[in-house]
Each structure stands twice: as C-alpha cells, then as structure tokens.
1. So which residues in the range 82-96 are of a type outside the set (Asp, Glu), part of a helix (DSSP H, G or I) and open to solvent by 20 Å² or more (accessible area, probe 1.4 Å), if there are any at all?
2. Select from the range 42-81 the residues that are among the basic types (Lys, Arg) and open to solvent by 90 Å² or more (accessible area, probe 1.4 Å) and write down the one among them that is modelled with the highest pLDDT.
3. Within the group Val78, Val47, which residue is under 13 Å from Val35 (Cα atoms) and part of a strand (DSSP E or B)?
4. Find all pairs meeting these conditions: Cβ atoms under 6 angstrom apart; at least six residues apart or on different chains; first residue within the range 58-70 and under 13 Å from Lys41 (Cα atoms); second residue open to solvent by less than 80 Å² (accessible area, probe 1.4 Å) and of a type outside the set (S, T, N, Q).
5. Does Val78 count as without any contact (Cβ under 8 Å) to a residue 12 or more places away in the chain and on the phi < 0 side of the Ramachandran plot?
6. Just to be sure before I move on: is Val78 of a type in the set (Val, Ile, Thr) and out of contact with any helix residue (DSSP H, G or I) (no Cβ under 7 Å at 6 or more places or on another chain) in the structure I sent?
7. Evaluate the following for Ile99: is it part of a helix (DSSP H, G or I) and crowded, with 18+ Cβ neighbours inside 10 Å?
8. Can you find a residue that is closer than 20 Å to Ile99 by Cα, out of contact with any Ser or Thr (no Cβ under 9 Å at 6 or more places or on another chain), modelled with pLDDT of 90 or more and in a helix (DSSP H, G or I) anywhere in the range 16-36?
Amino acid sequence: MNYQYIIIVAVLLIVALAIVRLNKKDVRIEMNKLVSYLGGKDNILNVEVNKSRCKVTLNDVSKVNKEAIQKLGARGIVEIDNQLKIILGSEARTLKKYIDEYILDRKK
C-alpha cells in the first residue's frame, strides 16, 4: 500500500515538471511576439520597469502594433514621443529580463 502512494507522488511530480517546462516555453513565445509587436529587436533602444509598468524607448513608434500588444495581455498603453508605457502586470519584469538577455546583449 505504501508503494501506491510513492507511485502517485512520483507521477504528480512528473506532471508538475512537465507543466512548468511548457509554461516556460510559452513565456518565450509570448515575449518573442511582444518584441515583434514592438517593431522588432532593432526598434528597441531601452526598457525600464517600474512595478507593473514597462517603459520601452523605441527608434520608431509607428512600427508598433498596439492592438496586438493589448490582445497579448497588456492592460494599457500610453505613447509619449518615442516611448511606450505598457501596463503588463507581473509580466513587466519578465519582458525586461528577456529583452536585456536576448535582445539588447546581441546588439553589443
């Protein structure tokens, strides 16, 4: 009978690990889409995060697809000159980390 509990726990752990891995892949896909909607990696100059807001400085704001960004989950977008302030909630820090690691480092 104890073996049954061990098997059940092992199966639950395997399922939990699979879900975590799938979610990580989805985040990368979503971040790739977001970067694309921001006009591509060459259009992004800088990213700053303040709590749930993400301030993105761009080369050309006209390349941005605001509707697609909102469909992706943004709660609001404000455009000021060559900057967009995007309210993303908890995803703001994830976007900053993604852009810093994968986009801005490649430009150097």
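The values are calculated or read from the model by the stated rules, or taken from the named source; none is laboratory data. In this text, all values refer to a predicted model and were calculated from it rather than measured experimentally. Methodologically, a virtual Cβ is constructed for each residue, glycine included, from the backbone with ideal geometry; neighbour enumeration extends over all protein chains shown. For the accessible areas, the whole protein counts, side chains as well, though only heavy atoms, and no ligand, DNA or RNA atoms are used. Shrake-Rupley method; radii C 1.70, N 1.55, O 1.52, S 1.80 Å.
1. Listed by number, the residues that qualify are Arg93, Thr94, Lys96.
2. Lys63
3. Residue meeting the stated conditions: Val47.
4. Lys63/Gly39; Val64/Leu38; Val64/Gly39
5. Considered against the rule, which asks whether it is without any contact (Cβ under 8 Å) to a residue 12 or more places away in the chain and on the phi < 0 side of the Ramachandran plot, Val78 comes out as yes.
6. So Val78 fits the description; yes.
7. yes
8. So far as the range 16-36 goes, yes, one or more of its residues are closer than 20 Å to Ile99 by Cα, out of contact with any Ser or Thr (no Cβ under 9 Å at 6 or more places or on another chain), modelled with pLDDT of 90 or more and in a helix (DSSP H, G or I).
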